[in-house]
1. So which of A47, A55, A37, A33 is out of contact with any helix residue (DSSP H, G or I) (no Cβ under 7 Å at 6 or more places or on another chain), over 23 Å from R232 (Cβ atoms) and of a type outside the set (V, I, T)?
2. Output the residues belonging to the range 121-143 that are closer than 24 Å to H173 by Cα and free of Cβ contacts under 8 Å to residues at least 40 places away in the same chain.
3. Scanning the range 92-106 for residues that are open to solvent by 80 Å² or more (accessible area, probe 1.4 Å) and part of a loop (DSSP other than H, G, I, E, B), which turns out nearest to H173 (Cα to Cα)?
4. Output the residue which, of all residues in the range 143-160 that are in a loop (DSSP other than H, G, I, E, B) and at pLDDT below 85, is nearest to the chain's Cα centre (by Cα).
5. Select, from R12, R62, R50, R44, the only residue that is at pLDDT 80 or above, more than 30 Å from L87 (Cβ to Cβ) and of a type in the set (K, R).
6. Please tell me if G132 is part of a strand (DSSP E or B) and loosely packed, with under 15 Cβ neighbours inside 10 Å.
7. Since N136 meets every condition but one in (1) under 30 Å from D60 (Cβ atoms); (2) at pLDDT below 90, which condition does it not meet?
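The values are calculated or read from the model by the stated rules, or taken from the named source; none is laboratory data. Quick caveat, the model's predicted, so the values are computed rather than measured. Heads up, the Cβs are rebuilt from the backbone with ideal geometry, glycines too, and the neighbour counts pull from every protein chain shown. Accessible surface areas use protein heavy atoms only, side chains included; no ligands, DNA or RNA. Shrake-Rupley method; radii C 1.70, N 1.55, O 1.52, S 1.80 Å.
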Amino acid sequence: MAATTGSKMVNRKVTDGELMALLKRREEPVYDAGKVAEELDVSRPTALNRLQVLAEGRGDVRRTSIGQADVFWVEKAENEADYDDRLDFLKQSVIDEFEDKFVGLYTEPWTAVHPDDGPATGGDRIQLLVEGEPGNWKLAQGQRRLWENRRDAIPEELIIAGETQALISGTLHEQPTVPIAHVSYEPDWDIEEAVGAQWVDVAPERQALMCIGEKNYLVEPCNNAVFLDRVRVDILSPEGEGAECVDGGVLSQ
């Protein structure tokens with residue numbers, strides 16, 4: 001719908017960059033003038049005129065007719081298709097890693113965000129920063145936020161050039177667990193023998209089982225530990241690209 005002031009329609013200028021950004025989002029297989037007008041808040045005639053000019057001036061913008069309507073789309077170059085395939089692979093790898101994954105704090109497994117900043121418990125939506133590579137993703141330490149405090153970009157000082165990073169979001173659900181079960185260890189590692197264990201006082205009238213061995217692990221059972229569900233990748237910064245991407249589109253270079 002075009003912007004209006006009272007009952008008077010106001011048409012604004014639409015740049016080639018705005019049109020290309022919309023077409024490259026590829027939320028639709030093709031775009032007609034009505035869809036572009038709705039998305040960019042201009043009149044339908046303006047949208048159609050700008051699309052026609054764009055198609056005449058660029059070889060990668062295609063045009064055809066479906067019924068009475070002209071439709072437009074951007075044809076992917078071979079290298080762009082490869083790039084999109086790589087982004088899709090990275091995003092799916094992150095989703096597979098963190099779907100139904102324990103994300104509670106090891107000292108407070110019932111919350112995914114430090115109690116001073118949250119807490120984030122079952123039913124809450126959160127955003128996390130993860131980094132690494134397919135098969136070796138990890139949560140960035142201290143980078144957990146409630147959804148209402150989410151980031152819309154990865155801070156430049158947190159981007160590591162040699163690693164892929166992503167801001168992911170999801171909804172927490174609760175289930176019983178013992179956090180040590182979610183700590184990586186060698187398959188042939190004898191947990192009982194290697195870690196040892198002793199009860200320690202962690203609060204008045206409260207104890208936890210501290211395992212002592214190669215590392216220290218807090219393994220207090222928790223009936224409402226939080227796991228991540230309905231995971232999506234909000235922002236992706238591929239290794240070596242120096243760019244942030246969302247839904248396949250580059251945000252910044």
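1. Working: A47 fails: out of contact with any helix residue (DSSP H, G or I) (no Cβ under 7 Å at 6 or more places or on another chain); A37 fails: out of contact with any helix residue (DSSP H, G or I) (no Cβ under 7 Å at 6 or more places or on another chain); A33 fails: out of contact with any helix residue (DSSP H, G or I) (no Cβ under 7 Å at 6 or more places or on another chain).
On inspection, the qualifying residue turns out to be A55.
2. L129, V130, E131, N136, K138, L139, A140, Q141, G142, Q143
3. Filtering the range 92-106 for residues open to solvent by 80 Å² or more (accessible area, probe 1.4 Å) gives 92, 96, 100, 106.
After this cut, where a residue has to be part of a loop (DSSP other than H, G, I, E, B) as well, the list is 100, 106.
Details: D100: 9, Y106: 16 Å.
By that ranking, first place goes to D100.
4. We begin by selecting, within the range 143-160, every residue in a loop (DSSP other than H, G, I, E, B); these are 150-155, 159-160.
Add one more test, that the residue is at pLDDT below 85, and what stays is 159-160.
Working: I159: 15, I160: 17 Å.
In this case the residue turns out to be I159.
5. Values: R12 fails: at pLDDT 80 or above; R62 fails: more than 30 Å from L87 (Cβ to Cβ); R50 fails: more than 30 Å from L87 (Cβ to Cβ).
Residue meeting the stated conditions: R44.
6. Values: part of a strand (DSSP E or B): yes; loosely packed, with under 15 Cβ neighbours inside 10 Å: no.
For G132, the condition - part of a strand (DSSP E or B) and loosely packed, with under 15 Cβ neighbours inside 10 Å - is not met.
7. Answer for N136: the failing condition is (1).
Yes/no per residue for (1) at pLDDT below 85; (2) part of a strand (DSSP E or B); (3) out of contact with any Lys or Arg (no Cβ under 8 Å at 6 or more places or on another chain):
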residue	(1), (2), (3)
I126	no, yes, no
Q141	no, yes, yes
G162	yes, no, yes
A166	no, yes, no
